[in-house]
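Structure first, commentary second.
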Amino acid sequence: MASEEARRRYWAEQLEQGYDLVQEIQEFPVAECGENFASLKEAAATSGVEMRFSTSPIAGQMERVFWLRKSLVADVIAIAQDMNERGWILKIEDGYRSLSMQKRLGAKPEIFDAILKKCVWENGGALPSVEQMFRRGSVLVANVPKVGTHMSGTAIDISVFRASDGTEVWRGNSYLEMSERTPMRSPFIEPEALENRLAITAILESHGFMHFPFEFWHYNKDDALGHILTGNPAPARFGPVHWNANSNTVTPVENPGQPLRPLPEIEREIHEAIARAS
Ligand SMILES: [Zn+2]
């Protein structure tokens, strides 16, 4: 049984590495190719592959958008096909997020309270500084379009189930967990859960969908993060875009490095969260 201290140290190290990766994504070159979107649900129906899609609203109120860049949809269908062949069913938990969806997700008081709670735990009971909250928050909920790959239409959050009995291919926790068990290779999960995480990841990565090291459910492809994770220095072809669902056209986000919510606003929210806790 690992000590509380070891868990805290691991969590802090992972989140600091995550913060470094966030900086790296921000600086990475992107040459947006303008490719439009395709529907994952339609592609699944057409190909006859068995898939599931989340029915829960995002941040408790917004409908999820199961659309991705057109060329990536074929990869996801191939991934789902591979899973079917081994008796598994791919469930898409989340796909594209507009800037306003991401912004609303990050502004929820519940999110701030959850991050604050983890900071207090990390500090052995002491309230965090605004700086610490900001660093942790930047990794856990992207506040910059270029960093949050869901806004590029290149990312999926997933779970996996068994066709035979409908049970989840257990990864140690279900979708959306914020703890030292969340990083893909966390040493604090059961060996069987790690095996499942890595078996799932092998299928996704064989189709170019790379795993985000700090969340066991997130995979993305051909965006800035995808290039960093595969060691490809060429500019990425996909960056954050506004997607027009009526015309199915994309427009690059003008200032992809600009925070969705300005820093003073975040600072105020952090102060409010700390005040709620003290
Ligand atoms: Zn994600």
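Descriptive notes on the structure:
- Within region 161-172, the set of residues being away from the ligand (no atom under 15 Å from the Cβ) and either in a loop (DSSP other than H, G, I, E, B) or within 28 Å of Arg97 (Cβ to Cβ) (or both) comprises Phe161, Ala163, Ser164, Asp165, Gly166, Thr167, Glu168, Val169, Trp170, Gly172.
- Residue match in region 203-210 (condition: surrounded by fewer than 20 Cβ atoms within 10 Å (Cβ to Cβ), in contact (Cβ under 8 Å) with a residue 60 or more places away in the chain and of a type in the set (Gly, Ala, Ser)): yes
- Scanning region 243-278 for residues that are touching a Lys or Arg at 6+ places or on another chain (Cβ under 9 Å) and over 30 Å from Trp67 (Cα atoms) returns Glu269, Ala277.
- Qualifying residue in region 23-35 (condition: modelled with pLDDT under 95, in a loop (DSSP other than H, G, I, E, B) and surrounded by fewer than 19 Cβ atoms within 10 Å (Cβ to Cβ)): no
- Elements of type helices (runs of 4 or more DSSP H) in region 62-155, at least 2 residues being among the small types (Gly, Ala, Ser), away from the ligand (no atom under 16 Å from the Cβ) and surrounded by fewer than 18 Cβ atoms within 10 Å (Cβ to Cβ): 70-85, 99-107
- Candidate set from region 190-202 (those that are surrounded by fewer than 17 Cβ atoms within 10 Å (Cβ to Cβ) and of a type in the set (Gly, Ala, Ser)); member that is nearest to Ser152 (Cα to Cα): Ala202
- Checking the stated criteria, His207 turns out to be out of contact with any Pro (no Cβ under 9 Å at 6 or more places or on another chain) and either assigned to a loop (DSSP other than H, G, I, E, B) or farther than 17 Å from Leu21 by Cβ (or both).
- Taking region 213-239 as the range and being part of a loop (DSSP other than H, G, I, E, B), closer than 13 Å to Ser152 by Cβ and either aliphatic (A, V, I, L, M) or within 16 Å of the ligand (Cβ to nearest atom) (or both) as the test, the residues that pass are Lys221, Asp222.
- Enumeration of residues in region 65-85 that are within 18 Å of Ser54 (Cβ to Cβ) and of a type in the set (Gly, Ala, Ser): Ala80
- Val250 falls short on exactly one of the conditions (1) surrounded by 21 or more Cβ atoms within 10 Å (Cβ to Cβ); (2) not in a strand (DSSP E or B), and that condition is (2).
- Qualifying position, being modelled with pLDDT of 95 or more, surrounded by fewer than 22 Cβ atoms within 10 Å (Cβ to Cβ) and either within 14 Å of the ligand (Cβ to nearest atom) or over 30 Å from Asn255 (Cα atoms) (or both), among Pro183, Pro187: Pro187
- For Glu195, the conditions (1) within 28 Å of Asn232 (Cα to Cα); (2) within 16 Å of the ligand (Cβ to nearest atom); (3) over 12 Å from the mean Cα position of the chain (by Cα) all hold with the exception of (2).
- If you filter region 40-59 down to residues that are more than 16 Å from the ligand (Cβ to nearest atom) and touching a residue at least 40 places away in the same chain (Cβ under 8 Å), you find that the one that is surrounded by the fewest Cβ atoms within 10 Å (Cβ to Cβ) is Glu50.
- Screening Met178 with (1) touching a residue at least 60 places away in the same chain (Cβ under 8 Å); (2) of a type in the set (A, V, I, L, M); (3) away from the ligand (no atom under 14 Å from the Cβ); (4) closer than 30 Å to Val120 by Cβ gives one miss only, at (3).
The values are calculated or read from the model by the stated rules, or taken from the named source; none is laboratory data. None of the values given here were measured: they were computed from a predicted structure. Here the Cβ is made from the backbone with ideal geometry for all residues, glycine too, and neighbour counts use every protein chain on show.
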